[in-house]
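Single-structure report; data block below.
The values are calculated or read from the model by the stated rules, or taken from the named source; none is laboratory data. Please read these numbers as outputs of a predicted model, since none were measured by experiment. All Cβ positions, even for glycine, are placed from backbone atoms using ideal geometry, and neighbour counts span all protein chains on display.
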């Protein structure tokens, strides 16, 4: 029986763990100690920080794993690259992982690879940040170089906002530098996909649903398809190919943030793993194949099987969030079961009695909804029905959001 190591045990790794089990693999999960749901599904669990490369490598060697992967998080990717190189496994290399996990190294690689991207300056102090912003011109993006979930990233319009944004970027980072970037215009989309043996074998552009917090754009959900001209699609394919090659990303899924401005396409950043916020589920629905299975095949060095037909099922997903801090006081399970009976996926991360946080960034989700619909208004009506079944301190989330 082949063994696979999955790094992380949060809600974004649970589908990967379940899929590996369904594929008949012996599933080992490593993550920080905590009440993470993925531990319950693994054949074996190790309670260890996924950024501890040497410890993870020691476990992988001891267990004799045949592959290692993750989904929905950047912090574990560097460890995956290290283990792959040390054990000769399929998947992203350490060099590529390091570039993908450090937004400054990524920008340097993009510049060398002629990838269309924003202007940038690396800074190590607040004074350098002020100077860089003046050089680039406001508005600018102040960016932590090694976070995920939009943590430590803010768009600012004036010098007066720099100190707070810079200090937040430093607080979320393990590095001693911060990135100041020009703010791109146009329409932001996501592009996921997969690379196998140096070839782009899946290109999956999609719409992004977002909300704003302190000027930064936070992920709220996604929708397939992204409707664009053939010219724009070809330019997306060109820039994504340049980006994967400049970073050296190979034999892995990838996730990228992209701006489309007219016929121009700019790569904001790219990660060497599948995206979060239900992107693998949406890819599976839209294209008609199990994306998690193919991620695992890729990690094991098995051939990736793309769908032969032309299945295209429009679909959307959005995170469930709360506008307030509070405690879940009641959940109308009958109402949720009725919604699920319509073929809609409703996943809650918390139960009655659990404390929840007011939305802050992409990590403060309380669940998600997925539906095979092509109209956002229709989807939002479904989401409101879900909110009407969830009570926080005696009031429904639908009411709280309406207020």
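Could you run through region 220-247 and say how many residues are touching a helix residue (DSSP H, G or I) at 6+ places or on another chain (Cβ under 6 Å) and part of a helix (DSSP H, G or I)?
2
Restricting attention to region 251-260, report how many residues are closer than 12 Å to residue 228 by Cβ and surrounded by fewer than 24 Cβ atoms within 10 Å (Cβ to Cβ). Before you say what the answer is, go through the steps one by one.
If we filter region 251-260 for residues that are closer than 12 Å to residue 228 by Cβ, which is where we start, we get 258, 260.
Now restrict to residues that are surrounded by fewer than 24 Cβ atoms within 10 Å (Cβ to Cβ): 260.
Qualifying residue count for the region: 1.
One line per residue, one yes/no per condition, for (1) in contact with a helix residue (DSSP H, G or I) (Cβ under 9 Å, 6 or more places away or on another chain); (2) over 30 Å from residue 67 (Cα atoms):
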site: 303; (1), (2): yes, no
site: 344; (1), (2): yes, yes
site: 381; (1), (2): no, yes
site: 386; (1), (2): yes, yes
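Run down 172, 166 and say which single residue is free of Cβ contacts under 8 Å to residues at least 60 places away in the same chain and within 26 Å of residue 320 (Cα to Cα).
Answer to the check: 172.
Among (1) modelled with pLDDT of 95 or more; (2) more than 25 Å from residue 316 (Cβ to Cβ); (3) under 20 Å from the mean Cα position of the chain (by Cα); (4) outside any helix (DSSP H, G or I), where does residue 181 come up short?
(3)
Of all residues in region 302-324 being surrounded by 14 or more Cβ atoms within 10 Å (Cβ to Cβ) and over 22 Å from the mean Cα position of the chain (by Cα), which is nearest to residue 249 (Cα to Cα)? Walk me through how you get there before you give the answer.
Applying the first criterion (surrounded by 14 or more Cβ atoms within 10 Å (Cβ to Cβ)) to region 302-324 yields 302, 304, 313-322, 324.
In the following step, the residues that additionally are over 22 Å from the mean Cα position of the chain (by Cα) were identified as 302, 324.
Numbers: 302: 17, 324: 40 Å.
Step by step, filter region 302-324, then rank; the result is 302.
Only one of 249, 296, 236, 283 is touching a residue at least 24 places away in the same chain (Cβ under 8 Å), outside the structural domain of residue 368 (by TED's automatic domain parsing) and under 14 Å from the mean Cα position of the chain (by Cα); which? Steps first, please.
Numbers: 249 fails: under 14 Å from the mean Cα position of the chain (by Cα); 296 fails: under 14 Å from the mean Cα position of the chain (by Cα); 236 fails: under 14 Å from the mean Cα position of the chain (by Cα).
The conditions single out 283.
Name the single residue that is modelled with the lowest pLDDT among those in region 16-33 being more than 21 Å from the chain's Cα centre (by Cα) and surrounded by fewer than 22 Cβ atoms within 10 Å (Cβ to Cβ).
Filtering region 16-33 for residues more than 21 Å from the chain's Cα centre (by Cα) gives 21-28, 33.
Right, trim to surrounded by fewer than 22 Cβ atoms within 10 Å (Cβ to Cβ) and you get 21-26, 33.
Values: 21: 97, 22: 97, 23: 97, 24: 97, 25: 98, 26: 98, 33: 93.
That would be 33.
Need the failing condition index for residue 326 against (1) modelled with pLDDT under 95; (2) touching a strand residue (DSSP E or B) at 6+ places or on another chain (Cβ under 6 Å); (3) more than 30 Å from residue 108 (Cβ to Cβ), just the number.
(1)
Taking region 105-142 as the search range and keeping residues that are closer than 26 Å to residue 237 by Cβ and in a helix (DSSP H, G or I), which one is nearest to the chain's Cα centre (by Cα)?
Residues of region 105-142 that are closer than 26 Å to residue 237 by Cβ, as a first pass: 105-120, 141.
With the extra rule that they be in a helix (DSSP H, G or I), the set shrinks to 105-112.
Values: 105: 19, 106: 17, 107: 19, 108: 22, 109: 21, 110: 20, 111: 23, 112: 25 Å.
Per the stated criteria, the residue is 106.
Considering only region 328-338, I want to know if a residue exists there that is closer than 30 Å to residue 227 by Cα and surrounded by fewer than 12 Cβ atoms within 10 Å (Cβ to Cβ). It would help to see each step written out before you state the result.
Quick first cut of region 328-338, residues closer than 30 Å to residue 227 by Cα only: none.
Checked against the condition, which is being closer than 30 Å to residue 227 by Cα and surrounded by fewer than 12 Cβ atoms within 10 Å (Cβ to Cβ), region 328-338 yields no hits at all.
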